[in-house]
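> Right, I'll just put the structure down here and ask away after.
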């Protein structure tokens, strides 16, 4: 069994490579739910949806989220009732997911159960686990106050100065069923090229996850989402610099240094390998820019190789 | 002030005439909510929506409900998660109403408050009141068991034998704020050509409404929804015959005999006038078939005249 820790778009693209190499039924994906938020009373789990829509081949690739070719008639009409949330785009087909999820959660089902139903509806083989069944809400402390991550990122477009990151609810949350066992029993644990602060950081903030990674027998290999000093996508640079971290693959390696076995960095960052190895973490250099399907598979093969695994 | 008691499609068409005659800000519509039901966890109030969409000019006239030109992408996708409720059609734009209403109700707003917001969003002048802010669910007792009215009508297409009609929750419900005062103070109370059993009957089942009609100082005038022995639309005939009532304007008059001042019947039923008058209720004969906008206005004018009111 291979475990992948996942945020949203970067992780989904990485997984498109992994499923080309690893038999998908041998894959467990543990997904960040710190970005979850209610919109119009509907529970949206952005990263779970991005992972599932992407693996199902229905994602809108131009955005990396949402459903390809979706219409937006419901939200257009919703905005006429209440325009306060029209900064978050919800397509009509996408809304079915949120309506269904909210309905089941209100009936008492857990987010794990809802996510498993969604996996089945999209006929996916990998096991997909939310990091926790309890609500965790990533917030960004800014001069304008404490902002939900979606408000910081989508509504205010990452323009506020980052003073701190707070995972509201994390300390009272438990890992979702299967998360700890999957980590401990995995042959390898792959950390996606996701935002180390808010996507992977929120997973690490769930009590028990950090310890499980320490105790894991499989190799732990991370892919840097920072290439040439900037993130491929998203605000990782602003968050890292706000927290006084170096915005580089070295800074990412430091986030994971407690448990990381290998850091995979891009060829552009080959000169940082020595600095990472000074942290006691071997660095593997390869092309991490996932331009196409072949490049995604190639990256996955390299990462698995770095974890000591070979798939035919 | 004129009060109209309303069900769904028949009432909405009647109201299209009334608003041509009565200044709409002098109109209060009290709407049946016994047909309300949750679909996919969303609170749907079919009759309120029909009334508002129709008065706003956005209704799909071919059905009498829903929004003209609406798409159905969300429900198509919802059915792939859960096909158990795909017998009830919910358009994408229409869903915005249900999502918004559910969100506000869960926040603690009353159905009256939600309905008032909906009225404002659609820029309507008439006051629109749900019959009650508490849940009332009309059920039909059949050999197959007790069925929610929507299941009886929409899902099972009125094919079950009707043994009884039960307004679950009605005896514990209160009239919505304004309902009793509006009835007592109205210059006239018009009972739409709606189903006397489930549409008007549910309003009458709310404690206090029947008494208020008794005490009302304004004339109470009803329009028969049964013409030539059959309803213009809907299952009123099956419900009336199931309850051993005569399926005719006379049967309708008997439903309202406790408080009715004038019964308006169609020209086709002119021969029934004597039998209605034998109940102590004067009958006014006119064309009640609302073929077009002019016919709707003409019917409204006749009904108001029967109530002793003249509008220029």
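> Which residue, A:188, A:270, A:216, tops the fluctuation ranking in a GNM of chain A built on C-alpha contacts under 10 Å?
Ranking A:188, A:270, A:216 by mean-square fluctuation puts A:270 first.
> At a Förster radius of 41 Å, what calculated FRET efficiency corresponds to the Cβ-Cβ distance of residue B:146 and residue B:215, to the nearest 0.05?
Efficiency computed from Cβ-Cβ geometry: 0.75.
> Please report how far the C-alpha centroid of segment B:105-136 lies from that of segment B:286-312, rounded to the nearest whole angstrom.
28 Å
> Translational D (Stokes-Einstein, µm²/s) of chain B at 25 °C and 0.890 mPa s when Rh comes from the Kirkwood sum over C-alpha pairs?
Rounded, D is 126 µm²/s.
> Can I ask one more? Expressed as a rounded percentage, what relative contact order does segment B:123-228 have, with Cα pairs under 8 Å and six or more residues apart?
28 percent
> Starting with the fewest neighbours, write out B:184, A:244 ranked by other beta-carbon atoms found within 10 Å of each beta-carbon.
Neighbour counts put them in this order, fewest first: A:244, B:184.
> Let me ask something else. Under 4 °C and 1.567 mPa s, how fast does segment A:158-234 diffuse according to Stokes-Einstein, given a Kirkwood radius computed over C-alpha pairs? Answer in µm²/s, whole number.
Rounded to a whole number, D works out at 93 µm²/s.
> DSSP beta bridges in the protein assembly as shown, what fraction antiparallel, as a percent rounded to 5?
40 percent
> Measure nothing but the geometry: give the 0 to 90° angle between the long axis through the Cα atoms of B:92-106 and the longest principal axis through the Cα atoms of chain B, rounded to 10°.
Helix B:92-106 sits at roughly 90 degrees to that axis.
> Can you give the extra length, in nm with one decimal, that the chain gains between residue A:243 and residue A:1 once fully stretched, where that is 0.36 nm per residue apart less the Cα-Cα distance?
That pair, residue A:243 and residue A:1, stretches by 83.7 nm at full extension.
> Relative to the longest principal Cα axis of chain B, at what angle does helix B:293-306 sit, 0 to 90 degrees, rounded to 10?
50 degrees
> Under a plain spin-label model, where a point goes 7 Å from the Cα along Cα-to-Cβ, how far apart in nm are residue A:174 and residue B:159?
For the pair residue A:174/residue B:159, the computed spacing is 4.8 nm.
> Does segment A:34-178 classify as rounded, prolate or oblate by the C-alpha gyration tensor (a ≥ b ≥ c root eigenvalues; a/c under 1.5 gives rounded; else a/b over b/c gives prolate, otherwise oblate)?
Because a/c hits 1.5 or more and a/b fails to exceed b/c, segment A:34-178 counts as oblate.
> Regarding the protein assembly as shown, what are the three Cα extents along the principal axes, ordered largest first, in Å?
103, 51, 39
> So, one more: Distances in nm, one decimal, shortest first, from residue B:38 to the same residue in every other copy, taking the label point 7 angstrom along Cα→Cβ.
In ascending order, 1.4 nm.
> OK, next. Select from B:266, B:47, B:160 the residue whose mean-square fluctuation is largest in a Gaussian network model of chain B (Cα-Cα springs shorter than 10 Å).
B:160
> So, one more: Between A:172, A:61, A:277, where does the largest GNM mean-square fluctuation fall for chain A, given springs only between Cα atoms within less than 10 Å?
A:172
> Could I ask something else about it? Quick one: in segment A:163-288, what % of C-alpha pairs are over 21 Å apart?
Tail of P(r) above 21 Å: 39 percent of Cα pairs.
> So for segment A:126-204, Kirkwood radius off the Cα pairs, Stokes-Einstein at 4 °C and 1.567 mPa s: how many µm² s⁻¹?
So the translational diffusion coefficient is about 93 µm²/s.
> Given Cα pairs under 8 Å that are at least 6 residues apart, what percent is the relative contact order of segment A:227-295?
27 percent
> Give the angle, between 0 and 90 degrees and rounded to the nearest 10, that separates the Cα long axis of helix A:111-121 from the longest principal axis of the Cα atoms of chain A.
Once rounded, one gets 90 degrees.
> Now, a different point. Kindly put A:100, B:210 in sequence by how many other C-beta atoms sit within 10 Å of each C-beta, fewest to most.
Ordered by Cβ neighbours within 10 Å, fewest first: B:210, A:100.
> In whole angstrom, note down how far apart the Cα centers of segment B:3-17 and segment A:191-248 are.
61 Å
> Please report the relative contact order for chain A, taking Cα pairs under 8 Å with a sequence separation of at least 6, and give it as a percent rounded to a whole number.
This gives 20 percent for chain A.
> Also, quick follow-up: I need two numbers for segment A:237-282: Rg to one decimal and Dmax as a whole number, Cα atoms only, in Å.
Expressed in Å, the Cα Rg and Dmax of segment A:237-282 come to 10.3, 27.
> Expressed as a fraction of 2.2 N^0.38 Å, the rule-of-thumb size for a compact globular protein of N residues, what is the C-alpha radius of gyration of segment A:41-121?
Cα Rg divided by the expected 2.2 N^0.38 Å: 1.10.
> Counting each DSSP H run of 4 or more residues in chain B as -39500 (n - 2.57), what helix-only mean residue ellipticity at 222 nm follows after dividing by all residues, to the nearest 500 deg cm²/dmol?
Rounded to the nearest 500, it is -10000 deg cm²/dmol.
> Assuming R0 = 41 Å, can you tell me the calculated FRET efficiency for the pair residue A:87 and residue A:181, based on Cβ-Cβ distance, to the nearest 0.05?
Using R0 = 41 Å, I get an efficiency of 0.60.
Rule-based calculations on the coordinates, nothing more; no lab input. These numbers come from a predicted model, not from an experiment. Because the Cβ atoms are built from the backbone with ideal geometry, glycine has one as well, and the counts that use them run over all protein chains shown.
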